[in-house]
Amino acid sequence: MDENKVKDQNILLVKEKGSDELKAVASIDAKGKVELVDATGENAPKFLAFDRNDKRELADLMSNYVKEKSNTDNFQLFQVRAGKFEKQKEGLEEVLSLPNHPEAKNALKPYAVNPQDVIVKQTVEDFKVLMTQGEDGKLKAVSGMEKDGKLNTVDPTKENADNFFQINPNGNLLENFMQKFSGQYQHPSHTGLYAVAGSAVDKISAFLDKIIKVNPDDKVLDPYRVKPEGQMQEQTPGKYQPLDLNKVDWKDAEKLGLSGEQLQNTLKAMAYSHKSPGLVDIKSEIDGKEISVKARLSLQEQPDGSIKIQTHPFQEKPDFDKPYMGVKFTQDDIANFKQTGNGGRVFDLEPIPGGEKVPSLVSLDKLTNRFESMAVADLNISATIKNAPLSQKQQDALKRGEGVLVKGMDKRVEAGEAPSKIDRILQYNVANRNFDFRFTPEQQQQYRQERQAKQEQSGEDKPLKARKVGDIWIRPIQGGVELTRDQFKQLCEGKPIWVEGMQKSQPKPKEGAAQQVEATDKKGQKYPAWVWPDPEKGHVRHTTKHPDQVRAIEAKQAAKDGQKVTPAEGHKTQVAVNNDGKTNEATKHAQGKGEALKSGQTHPTAKQDEKKKEQQQKQSPAVPKKSTGKGRKM
């Protein structure tokens, strides 16, 4: 194999019936005869390799392969990366040795090759739908062409699929079409033509439309551009190339209930192998019932060059207590995840329970609250980041998942800005498949100060808004008086301010009563007061005295209240009668004689009761005698 092309090439591995060892395909002739060799590094030059990005090449191989009927009965096919075949071969053999493992089928699926599926799929994908901007400025699907070269278009919806003009980009028909259309390019009224797979039209048209309007030269459009001479535009070489969304299996999108409108704001990030910027509503099935759940989406390139939509479902909170791939997180690990989203060290994970331990980095996706991992062996750290060189020590630390201070990196600047350098703490984030750039503690402090000053400066003309300081809400209007910015700032800093002309709100008048236009205090006058936040009371207070005086008075009162002694339950009557001069029916006699109640006494003694009766008889008036009727006549 040509070593320069190994990066973009795949090879075929075969499992023969009755064998546990995988071998490599050396050739497939026109009649379907397959030649095999041992899958070792020594035999690598003999391997049959093909371009992983050219699906037609694999489809042609499979067309020959199926001509020999015994192949499908005797062989099980897999495709792997030419540059990583030894490692992937080892992993496949390990999974094949566990045929009853519940995850075995899913683990093999990305590598398995079904010859008939490859042939049929390629036949369908060879045809594209041409798209261009319509008179309303929106992207339309081409349905035909007039004799004068004018295009007929329809909306790119499923309902119009039968009207789409489909064409094979690799055939002569496109060249003939473009010759008629080329006159339009001399005086373009639009941005040109784009070729999109028929299955993708309704899914990515809204996305393409949005990108064209923002920046028609965006390189994310390169996989779809049709050049005036009738050829597809080749992608410009570079480190970061967008994925061709024509290769996505859009049937997955149908199953997930995804529409073009939902995807238009997510596909650009996904095309560069990132996750969707936010959560998306998708359909899922649990116990036979269809439910709606939220998830992040990403695109994953398969060994055969196709692209699958991956879902990353949302959960309410991270499960720190549950072991992750055989690893129980420590308190330090949990603290790291909460603070930075990254574990900060290497974890020995078991992707297959009971299997080989794989040194890996782990990060927490803070949008989905789920953990994600990457084998350290798969992490490539460049020698430079944003034109700043990394020492070997720094590279090793990043591979261990640590945060590393990198100085002198190029800062992203807007048009017209002078180039400048930045210093940041870098740490690899597995969940985002990228580096996190964090401020140093000193930079964070400086940034907060600058932001606060900027907010104060830019907010001079903006109305003040209520602000929560601690547990107290500070409002810019106190007693009907709008505070100045300086007063509001002092109040938010916990300082007392003197405010004049305040008013107390009065309760709403009852129906029929005369309405009071101006809110006043109880005496009908506006009042001045000290306004200050009181953490102990939990609210802003208005007092006639300075807060220091108020606190001193309240402290003195609290001390006085604390000296009061509450009598025990059995002695309350005694204290009430003897100390406070209180009486009740049972003790009135004692008060008359100046007698004090004894300890615990609430009722009169026998002697006291007898004295009470005598006193009542002396105080009662004499009862008059009844008349006998024998009195002297007048």
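The values are calculated or read from the model by the stated rules, or taken from the named source; none is laboratory data. As the structure is a prediction and not an experimental result, all values here were calculated from the model. Glycine gets a Cβ as well: all are built from the backbone with ideal geometry, and neighbour counts include every protein chain shown. All accessible areas refer to the heavy atoms of the entire protein, side chains included, with ligands and DNA or RNA removed. Shrake-Rupley method; radii C 1.70, N 1.55, O 1.52, S 1.80 Å.
Going through (1) at pLDDT below 90; (2) within 28 Å of residue 543 (Cβ to Cβ); (3) not charged (D, E, K, R) one by one, residue 513 falls short only on (2).
When restricted to residues that are assigned to a helix (DSSP H, G or I) and either touching a helix residue (DSSP H, G or I) at 6+ places or on another chain (Cβ under 6 Å) or under 17 Å from residue 313 (Cβ atoms) (or both), segment 269-289 contains 2.
Every listed requirement among (1) under 18 Å from the mean Cα position of the chain (by Cα); (2) closer than 18 Å to residue 109 by Cα is met by residue 282 save one, (2). If the condition is being closer than 16 Å to residue 341 by Cβ and in contact (Cβ under 8 Å) with a residue 24 or more places away in the chain, then segment 429-448 contributes 429, 430, 431, 432, 433, 434, 435, 436, 438. Listed by first and then second residue, the pairs with beta-carbon distance under 7 Å, at least 6 apart or on different chains, first residue in segment 41-57 and without any contact (Cβ under 8 Å) to a residue 40 or more places away in the chain, second of a type outside the set (A, V, I, L, M, F, W, C), are 48/27; 57/51. If the condition is being under 24 Å from residue 526 (Cα atoms), of a type in the set (A, V, I, L, M) and in contact with a Gly (Cβ under 9 Å, 6 or more places away or on another chain), then segment 461-499 contributes 481, 499.
Would you check if there is a residue in segment 88-110 being of a type outside the set (Gly, Ala, Ser), open to solvent by less than 60 Å² (accessible area, probe 1.4 Å) and in a loop (DSSP other than H, G, I, E, B)?
Kept after step one, since they are of a type outside the set (Gly, Ala, Ser), are these residues of segment 88-110: 88-90, 92-96, 98-103, 105-106, 108-110.
So of that shortlist, the ones also open to solvent by less than 60 Å² (accessible area, probe 1.4 Å) come out as 88-89, 92-93, 95-96, 101, 108, 110.
Restricting the remaining residues to those that are in a loop (DSSP other than H, G, I, E, B) gives 101, 110.
Among the residues of segment 88-110, at least one is of a type outside the set (Gly, Ala, Ser), open to solvent by less than 60 Å² (accessible area, probe 1.4 Å) and in a loop (DSSP other than H, G, I, E, B), which makes the answer yes.
Of all the numbered requirements in (1) part of a strand (DSSP E or B); (2) open to solvent by less than 70 Å² (accessible area, probe 1.4 Å); (3) modelled with pLDDT under 90, residue 297 misses one, and that requirement is (3).
May I ask you to verify whether residue 57 is assigned to a helix (DSSP H, G or I), acidic (Asp, Glu) and open to solvent by 70 Å² or more (accessible area, probe 1.4 Å)? Here the answer is no, as residue 57 does not meet what is asked.
A Cβ distance below 8 Å, combined with a sequence gap of six or more or placement on separate chains, defines the contacts here; from segment 15-35, residues that are open to solvent by 80 Å² or more (accessible area, probe 1.4 Å) reach residues that are hydrophobic (A, V, I, L, M, F, W, C) in the pairs 17/75; 20/96; 35/25; 35/26; 35/28.
When residue 84 is tested against the conditions (1) in a strand (DSSP E or B); (2) closer than 18 Å to residue 303 by Cα, the lone failure is (1). Just name the residue that is surrounded by the most Cβ atoms within 10 Å (Cβ to Cβ) out of those in segment 199-258 that are in a loop (DSSP other than H, G, I, E, B), at pLDDT 80 or above and acidic (Asp, Glu). Applying the filter and picking the extreme gives 244. The residue that is surrounded by the most Cβ atoms within 10 Å (Cβ to Cβ), among those in segment 467-480 that are aliphatic (A, V, I, L, M) and either modelled with pLDDT under 90 or in contact with a helix residue (DSSP H, G or I) (Cβ under 6 Å, 6 or more places away or on another chain) (or both), is 474.
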